[in-house]
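Asker: I am attaching a structure below and will ask some questions about it afterwards.
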Amino acid sequence: FTSLVFDAKRHDGTVGYASQLAAIDTYSAISSPGSKPQQSIARLVENNILPVARICCYKDNVVPNLAQNMALYQNGVVYTDGDGNTYLNPNSQNAYDYIKDIIQELNNYGVTVFILYGCDLPEEIGDEYKDGYDHLVSRLENELGTQIKFISEVEVSFDGTDYATGEVTPEAVA
């Protein structure tokens, strides 16, 4: 292996490493954390394995329910999509700081590459907010510098197989 990707902040809003951040503790966002992340990341780096943190930026079913100043709103109530998901508000400085703090903490541990996903809000509400990968990365690079590498997650299928379900699409059979 030359790299290892781990979910730092998942699409459900939980955090997958033992964070020392007060906000993550306050929101009880840690779920099934990897223990001793600082030591684990250092060990990877020592063995020439690049640690890569994957972060879901705005979809979050933990924080918006507890910190309403960070929540995305529609018509005066916390926005919930058709699947019951809530979102962090990209216009909220507190929500931005929450994402940035996770990146800074992991960067202090030795992570220099971050895969960001969930940077776009659902189309039905996105027009009112400054969302999107480019906007977020521009802010992060402005504050954190360019020593940290940000990558936008993309979905790729090589043969028409949905590897999450094992199903083969009709195009793959043809």
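The values are calculated or read from the model by the stated rules, or taken from the named source; none is laboratory data. Not measured: the values here are computed from a predicted model. So basically every Cβ, Gly included, is an ideal-geometry build from the backbone, and we count neighbours across all protein chains shown. Heavy atoms of the whole protein, side chains included, go into the accessibility calculation; ligands, DNA and RNA do not. Shrake-Rupley method; radii C 1.70, N 1.55, O 1.52, S 1.80 Å.
Asker: Taking the Cβ of GLN20 as the center, what net charge do the other residues with Cβ under 14 Å away carry, scoring Lys and Arg +1 and Asp and Glu -1?
Answerer: -2
Asker: Okay, moving on. Determine the distance separating the Cα centre of region 1-63 from the Cα centre of region 85-148; give it in Å without decimals.
Answerer: 15
Asker: Apply 1/(1 + (r/R0)^6) to the Cβ-Cβ distance of GLN104 and GLU124, taking R0 = 35 Å, and write down the FRET efficiency to the nearest 0.05. Spell out each step's value before the answer.
Answerer: Working: r = 32 Å, r/R0 = 0.92.
The pair GLN104/GLU124 has a calculated efficiency of 0.65.
Asker: Same structure, new question: Could you run the Karplus curve 6.51 cos²θ - 1.76 cosθ + 1.60 with θ = phi - 60° over region 37-45 and give me ³J(HN,Hα) per residue in whole Hz, x for Gly and Pro?
Answerer: Listing the rounded values in order: x, 4, 5, 5, 5, 4, 5, 4, 4 Hz.
Asker: Rounded to the nearest 0.05, what FRET efficiency is calculated for LEU66 and THR2 with R0 set to 41 Å and r the Cβ-Cβ distance?
Answerer: E(calc), rounded to 0.05, equals 0.60.
Asker: Evaluate the charge dipole of region 1-64 about its Cα centre and quote only its size in Debye, nearest 20, assuming +1 on the Cβ of each Lys and Arg and -1 on the Cβ of each Asp and Glu. Can you show the working numbers first?
Answerer: Values: 6 positive and 5 negative charges, 19 e Å.
Charge dipole of region 1-64: 80 debye, to the nearest 20.
Asker: Name the long-range amide H neighbours of ILE151: under 5 Å, sequence gap of 5 or more, or other chain; modelled H, no Pro or chain starts.
Answerer: PHE114, ILE115, LEU116
Asker: Could you tell me what percent of the accessible area of the chain is made up of carbon and sulfur, with a 1.4 Å probe and every protein chain present?
Answerer: About 47 percent, which is the carbon plus sulfur part of the accessible surface.
Asker: Now a separate question. Enter the accessible area per residue of the chain (Å², integer; probe 1.4 Å; all protein chains in place).
Answerer: With all protein chains present, the chain gives 57 Å² per residue.
Asker: Do any chymotrypsin sites (Phe, Trp or Tyr not before Pro) in region 24-85 lie in a DSSP loop with no more than 13 other beta carbon atoms within 10 Å, and if so, which?
Answerer: none
Asker: Related question: Taking every Cα atom in the chain, find the radius of gyration and the maximum pairwise distance Dmax, and write them in Å.
Answerer: Gyration radius and largest Cα-Cα distance of the chain: 17.2, 53 Å.
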